[in-house]
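Read through the structure below, which is laid out as structure tokens, and then see the notes.
The values are calculated or read from the model by the stated rules, or taken from the named source; none is laboratory data. Keep in mind that this is a model prediction, so the values were computed, not measured. Because the Cβ atoms are built from the backbone with ideal geometry, glycine has one as well, and the counts that use them run over all protein chains shown. Accessible surface areas use protein heavy atoms only, side chains included; no ligands, DNA or RNA. Shrake-Rupley method; radii C 1.70, N 1.55, O 1.52, S 1.80 Å.
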Amino acid sequence: MWHRAGRSSIWNLRRFCTATRRRIIDEGDWIYSSEWWGTQSDGHTVLRSTSDNGNGVVSVVAYPSSRPSKNCWPEMERWLQQRYIELHPGCGDSERFRVLGYQWRTLRFNDDTRQSTVKIMAACRESEPGSVFFMQQPDCLAVPYLRSMVSVGLATMASCHRDPMNAVHRQKSMKILCIGHGGGSLPLFLASKIQGAVVDIVEIDPVVISASVRAMGFPSFSVVTSSGDRALSNPDSIDSVLWKGIHERIYLYEADAEKFVLENNNIYDLVFIDAYDGDDIFPRKLWDPDSPFVKSLSCQLHPEHGTVVVNLHSDSDILDPRKPDSYFHQQLPSMGKYVSTIFHAYRDVLVGNRSSHDGKTGSGLGFVVSVPCLYNSTLVVSRGFGVGGGHYHNKDSILNTLISKSLKVELALNLPFPCLEYIKSGFTLSD
């Protein structure tokens, strides 16, 4: 969930993004936000339901997408046919697919709050033109705060003694936890880019889970029931064609986050937390230093390199409406009272005064960055920095290390966006 900045700063950043366009097309670029940012009446509602878990009215609104253009659709149709042949050898040309179009799908709470935005492809088998299926586009992160979380999270992990690059090609595994699901774009992005990643998702609201599967192209096989079993005993044949095993490395649990971490014994390398409710509030029990959630999370975070990344709204006490937006984004600090309070809660519990398994003291690292285009901040607490190493002494050396590692992350994962602007944006080191 996010708050959008004023238009002058947005267009300034759009010009910057265009000027630094890289080798591959980024269909989630903020320059396309005008296609899906409109009001509910600008699109059409494809799903609407009422939540019993504090999210009010949950709806999914569809908007036309300009990309990929129609001349690119045949390439996707050939890819779908090839995937079908791989799974059904000997079938030859017996099954063909038709792409029907692409749309933005925005998940809303109470008809106002935009919770998340994804891009989907609609397609069908030519033999069954009435049977339409949706595929969320896993390479497309439409909202800047998600790009910020990915950029700082993976760059921080790469700067630790545990290098995530080994997990990219499945040489090693990486265990990831996502608190909060929305449309599912973050876990899908991570699982598609990191072949060794196993991603657990915790979402308290079954209405949100249903919306992501029915209307936002999230793979249904990833859903886990309250008993701990997959909702489907076997992947749907179309899911197998679309996801090429990605859906088998994602586990979407319907559960309260606090209860989940209390009852779970997994050790996670990387944890992403984005859990605002229908009233746009980050529940206190998910950040209070005395809460069972934070204390239990500390036990499940890898002791040597575990990293937690949190999405937060920036503080109201640092927003000055008297200054123009362009000035605001040049001067915006990352931490006011609200962000600082939550930041110190996580840092004190997750890092504190620790010792590594070999007896060396490891103070870990904490920092916050501001998110371009939005009134959001990304908080990072990591146990990797400082463990057994003596060269991370000041802001410049830490920032330079993160930037250097981020370039390797971009190359290894073939990211459609540069990490640099998200890492440098309002970078504030913990005191």
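Here are a few things to note about the model shown:
- Within the straight-line cut-off of under 20 Å between alpha carbons, the aspartates and glutamates reachable from LYS119 are ASP26, GLU27, ASP29, GLU35, ASP42, GLU75, GLU77, ASP111, ASP139, ASP239, ASP274, sequence neighbours fewer than 8 places apart in one chain being disregarded.
- Net charge dipole size for region 43-201 [Lys, Arg +1 and Asp, Glu -1 on Cβ; Debye, nearest 20]: 340 debye
- Label sites at ASP396 and SER94, each approximated as a point 7 angstrom past Cα along Cα to Cβ, lie 6.8 nm apart.
- For region 130-282: rounded, prolate or oblate by the Cα gyration tensor [a/c cutoff 1.5]: rounded
- Taking amide hydrogens as placed 1.01 Å from N in the peptide plane, the amide H of VAL271 sits under 5 Å from those of LEU177, THR307, VAL308, VAL309, each at least 5 positions away in sequence or on another chain.
- Peptide ranges 289-295, 403-409, 233-239 listed from the most packed, as the mean C-beta count within 10 angstrom indicates: 403-409, 289-295, 233-239
- Once both labels are positioned 7 Å from their Cα atoms along Cα-to-Cβ, the gap between LEU262 and LYS408 label points is 4.0 nm.
- Using a probe of 1.4 Å on the protein chains alone, the accessible area found for LYS259 is around 120 Å².
- In order along region 63-78, phi translates into HN-Hα couplings of 9, x, 10, 7, 10, x, 5, 4, 5, 8, 5, x, 5, 5, 4, 5 Hz, rounded to whole numbers, per the Karplus curve 6.51 cos²θ - 1.76 cosθ + 1.60 with θ = phi - 60° and x for Gly and Pro.
- Ordering of 268-279, 417-428, 48-59 by packing [mean C-beta count within 10 Å, highest first]: 268-279, 417-428, 48-59
- A 1.4 Å probe over all protein chains sorts ARG230, ARG105 by accessible area into ARG230, ARG105, starting with the largest.
- Global form of region 91-188, assessed from the alpha-carbon gyration tensor, a/c cut-off 1.5: oblate
- Taking all protein chains together and rolling a 1.4 Å probe, THR45 ends up with roughly 70 Å² accessible.
- Label-reachable residues, region 114-132, where backbone N falls under 11 Å from a point 7 Å from LEU87's Cα toward its Cβ: none
- Accessible area expressed per residue, region 43-167, with surrounding protein chains retained (probe 1.4 Å, Å²): 40 Å²
- Nearby lysines by direct alpha-carbon distance to LYS337 (threshold 25 angstrom, same-chain neighbours under 8 apart not counted): LYS285, LYS295, LYS323, LYS395, LYS424
- Between amide H atoms placed 1.01 Å from N, distances below 5 Å from LEU301 occur with TYR268, all of them 5 or more places distant or on a separate chain.
- Cα gyration tensor category, rounded, prolate or oblate, for region 213-257 with a/c compared to 1.5: prolate
- Computed FRET value (nearest 0.05) for ASP42 with ALA122, which takes r as the C-beta separation and R₀ as 22 Å: 0.70
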